[in-house]
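Right, one structure below, let's go through it.
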Amino acid sequence: MDTQVETPPAPLVDESTPAVQPLTQASTTPAVQSPAQGSATPAVEAPATQELASEPPPPKAVTPAEEEEASTESGKKEEPKLDINHIKEELQNSIIAGNIPQLVLHMITYATGIEVSDIHIEPMEKIVRIRFRIDGVLRLIIEYPSNIHPAIVSRVKIMSGLKIDEQRVPQDGRMQITTEDGKNLDLRVSTLPTVNGEKIVSRIQDKSKTIPDLPNLGIQGENMKKMERFLALPNGVILVTGPTGSGKTNTLYSTLSRLNTVGVNIMTFEDPVEYQMDGLSQSQMKPDIDYDFASGLRTALRQDPDIIMVGEIRDQETIEIAIRAALTGHLVLSTIHTNSAVGTLTRITDMGVKGFLIASAIRGIIAQRLVRRVCKYCKELYTPEPKLVEEIKKELEGVDPNHFDIKKLENIQLARGKGCDKCGDTGKKGRMGIFEIMEMDREVGSLILKNAPDTELMDAAKKGGMITLKQDGYIKAIQGDIPIEEVYRVVQ
């Protein structure tokens, strides 16, 4: 008896979305194959490679961003590519046909083509939905019937080296994917048993991407000068703080890429090791055998290090060893979960660290958030309401004029995206950081010794030249980099 499956909704991305390369599985994982011949489940052929049209499209007006993209692409060798809209159609066809290997392959191909960071496969009572996290926001992509979900879970588990017969406990695994243009993708897969079946989340990491430099992350003006002073320090603790998914790891790697020279010994202790860098001794934590950040730090001090990076400070033991390493002549970089730079000092105090140790060892704290950029393809400027103009001017009053072009305050204009095919009609494409960087000076140090409240510490830090997250967000908004609503979304 044939089972009729309702055709999923139309693709979210239309034909103007850039084309992407098809995927091939690396040799370290099983190859993706169509179902065996003669099976009751109809096979879906892999999408055929489409040649680019030889005739040029009719002339049309283009934006400066499109001209820039065209000039970048000119001179490159033309390669066969798959249309992203065609891949979406093949994904739908795979669901209808019940072709599980092709469904999984097209899902990953589609995700990598539209720059997805995470794939969510979520079973519900009657259906299963697939959502992609794009620029930090989850979007519903497609749904499929729950009767094929167990086969999809098994396929993903096989590709990730997980136990397919274990459905009672969460599992973690990895799969390696290589695109035809040579990109190496690492997918970290996590399964979680729920009342409706196993949920799967895959984090996609493009190992072929270069680590961005600090200015490309959004660090500018006086904040960049502070970072350069941090990099010149012979010892001390530098902490990067923010919620999960705020880009702390990228900031650490960008910092290490500047410090990575042949004359220094850099050791990192991570869980997991997200990027492998030549010149660094990177160690993966294994809590199941009691190899954690604290034990790794103790070992590092016997390895003649110059610079130590610890993935995260979670307890009193780790922060005390980090401070001891800093006081004995090492530069220590790490992350911690707090809401602000000043809040980090309070958090460390609550861990039981003495005030005089904090004041002498902590040299800088970087708080950050990730915000979405205005789409450059549909960007437009507008004049905000007078009330908002006054709020921005009041917030930026007293900010060092070397941090941004102060003339922009004379005629404030903000940017927004009208919505186009490139950004999925959201008006936003890509992300950057907003930062709050605090240097430890004598006034802040003396307030720590007095156990002063956060309000006094904040006033002293701002007096010393610290730019708050909200101020940095407003500056990037009036520069036309981000929409103003992104500042309100991430800053309280």
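Here's a check for you: in segment 433-455, which residue that is under 23 Å from residue 231 (Cα atoms) and in a loop (DSSP other than H, G, I, E, B) is most open to solvent (accessible area, probe 1.4 Å)?
So the residue we want is 441.
Out of segment 400-429, which residues are open to solvent by 50 Å² or more (accessible area, probe 1.4 Å), touching a Cys at 6+ places or on another chain (Cβ under 8 Å) and either of a type in the set (S, T, N, Q) or part of a strand (DSSP E or B) (or both)?
Within segment 400-429, just 429 meets the criteria.
Which of the residues spanning segment 325-339 are open to solvent by 30 Å² or more (accessible area, probe 1.4 Å) and under 22 Å from the mean Cα position of the chain (by Cα)?
337, 339
Okay, residues lined up against (1) open to solvent by 10 Å² or more (accessible area, probe 1.4 Å); (2) modelled with pLDDT of 90 or more:
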{"site": "103", "(1), (2)": "no, yes"}
{"site": "124", "(1), (2)": "yes, yes"}
{"site": "131", "(1), (2)": "yes, yes"}
{"site": "137", "(1), (2)": "yes, no"}
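Here are some residues: 357, 333, 301, 327. Which one is at pLDDT below 90, more than 27 Å from residue 477 (Cα to Cα) and of a type outside the set (Lys, Arg)?
After ruling out the rest, the residue left standing is 301.
Which residue, of 466, 458, is outside any helix (DSSP H, G or I), touching a residue at least 24 places away in the same chain (Cβ under 8 Å) and hydrophobic (A, V, I, L, M, F, W, C)?
Of 466, 458, the one residue that is outside any helix (DSSP H, G or I), touching a residue at least 24 places away in the same chain (Cβ under 8 Å) and hydrophobic (A, V, I, L, M, F, W, C) is 466.
Pull out all pairs, ordered by first then second residue, where Cβ-Cβ is under 8 Å, the residues are six or more apart or on different chains, the first lies in segment 289-302 and is at negative phi and small (Gly, Ala, Ser), and the second is open to solvent by 70 Å² or more (accessible area, probe 1.4 Å) and not in a loop (DSSP other than H, G, I, E, B).
The qualifying pairs are 294/317.
State yes or no: is residue 376 assigned to a loop (DSSP other than H, G, I, E, B) and charged (D, E, K, R)?
yes
The values are calculated or read from the model by the stated rules, or taken from the named source; none is laboratory data. Just so it is clear, the structure is predicted and the values come from calculations on it, not from any experiment. Neighbour counts run over all protein chains shown; Cβ positions are idealised from the backbone, glycine included. Remember, those area values only see protein heavy atoms, side chains included, never the ligands or the DNA or RNA. Shrake-Rupley method; radii C 1.70, N 1.55, O 1.52, S 1.80 Å.
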